[in-house]
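Visitor: For reference, the structure I am asking about is given below.
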Amino acid sequence: DFFSNLFNVESKYWRTFRDIWIPCKLTKAFIQGKRIQYYNPLRIFLIVLFAFFALFLANIKGDINKLNQINIEQEKRMWTENLAVQFDSIATLSTLPIDTLEKFKKALFEQKKKTWNTDIEQKEEDSLSLAEKILEDTKIKSDTVINNRGEFSFEDEDLFILSSEELLKKYSDGNPWKDWGMVQAQKILKNLSSSIKFFIGNGTWAIIAVILLIAAFFKLLYIRHDYHYAEHFIFHLYGHTRILLLALFSMLFIYFGFKNLSLMALLLIGGVYLYWSMLLYYKQSKTKTFVKFLMTIFAYTFLLAFCSAMILGISFAFL
């Protein structure tokens with residue numbers, strides 16, 4: 001039965017995927033009560049949504065791995081530089097010959113041979129202090145995170161070397177919100193690839209929130225007409241499923257080497273389908289429909305940005 005239903009051209013799965021490309025057909029069928037012959041709209045939307053994000057993560061897996069490798073190499077570099085500073089501090093107190101110390105340093109840190117200054121100042125002062133003086137004299141600023149105004153910044157080496165408690169002890173100004181944000185930023189930057197996956201995964205909720213809000217917007221847009229909120233919701237549910245299917249097919253082509261597909265073309269097709277569907281379902285004039293179509297594009301852009309910012313903010317708080 002399973003294979004019969006799956007591969008049967010007239011089964012509701014294939015019928016749903018076939019008729020979803022006909023503007024308003026599935027929405028009208030659902031509202032009119034013809035629901036047995038088609039797959040549940042919410043269920044098919046969720047399946048396509050999670051398939052889209054799964055394939056999206058698969059497509060950017062290589063980039064995420066590269067990013068993770070860069071992060072690991074940066075952390076190693078920070079640790080090496082910190083240990084080298086400690087070595088220099090100890091070396092100034094050592095009675096070993098300079099050549100011997102150079103060999104030790106090269107063996108430990110695999111650094112190029114450097115010429116050490118043997119004046120009295122170097123022997124008496126910690127090399128970290130000397131490094132800070134050099135930076136100050138040459139007006140080179142250390143890399144900082146978030147900003148360079150001192151309000152919410154810390155040196156990137158401390159990001160990897162210090163624990164959260166040590167970071168707060170060094171940089172906290174007593175503001176609990178800044179302290180919390182600094183710790184969260186450290187978590188994100190230390191685990192960049194995992195954080196990206198976490199944010200992308202939570203992006204599904206942003207799309208769901210947008211559908212709920214844009215359906216409410218359509219309720220206001222067509223307030224003089226006898227349409228229920230559920231009708232607008234189903235209308236946009238099928239519309240988003242269609243857009244996600246287009247994006248899914250595009251990513252499949254890209255995944256198999258066809259990289260000439262344009263995002264602009266995808267958005268153009270989605271816009272044409274939206275206008276055509278509004279024209280057929282709400283049955284207003286082309287001029288009125290086009291004006292409301294433009295209003296919908298503006299509202300959708302705003303709602304998508306708002307929901308994405310909210311979801312990212314909540315994700316940042318619970319990372």
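The values are calculated or read from the model by the stated rules, or taken from the named source; none is laboratory data. As the structure is a prediction and not an experimental result, all values here were calculated from the model. Glycine also receives a Cβ, built like all others from the backbone with ideal geometry; neighbour counts cover every protein chain displayed. The protein model used for the area step is the full one, side chains on, heavy atoms only, and it has no ligands, DNA or RNA in it. Shrake-Rupley method; radii C 1.70, N 1.55, O 1.52, S 1.80 Å.
Visitor: Taking the Cβ of L49 as the center, what net charge do the other residues with Cβ under 15 Å away carry, scoring Lys and Arg +1 and Asp and Glu -1?
Guide: Around L49, the surrounding residues sum to +2.
Visitor: Moving on. Go through W180, W205, W21, W276 and list them by solvent-accessible area, largest first, probe radius 1.4 Å.
Guide: W205, W276, W180, W21
Visitor: Then there's this: Could you put H232, H240 in order of accessible surface area, largest first, with the 1.4 Å probe and the full protein assembly present?
Guide: Ranked from most to least accessible, the order is H240, H232.
Visitor: Just how much of F217 is accessible, in Å², when a 1.4 Å probe is used and the result is rounded to the nearest 10?
Guide: 50 Å²
Visitor: Find out how many positive minus negative residues lie around W276, taking Lys and Arg as positive, Asp and Glu as negative, among other residues whose Cβ is under 12 Å from that of W276.
Guide: Summing Lys/Arg as +1 and Asp/Glu as -1 gives +3.
Visitor: Shifting gears a bit: Within the range 191-303, what whole-number % of the accessible surface is contributed by carbon and sulfur, with the 1.4 Å probe and all protein chains included in the calculation?
Guide: That share works out to 74 percent.
Visitor: Please work out the average accessible area per residue across the range 194-319, using the 1.4 Å probe convention, and give it in Å².
Guide: That works out to 59 Å² for each residue.
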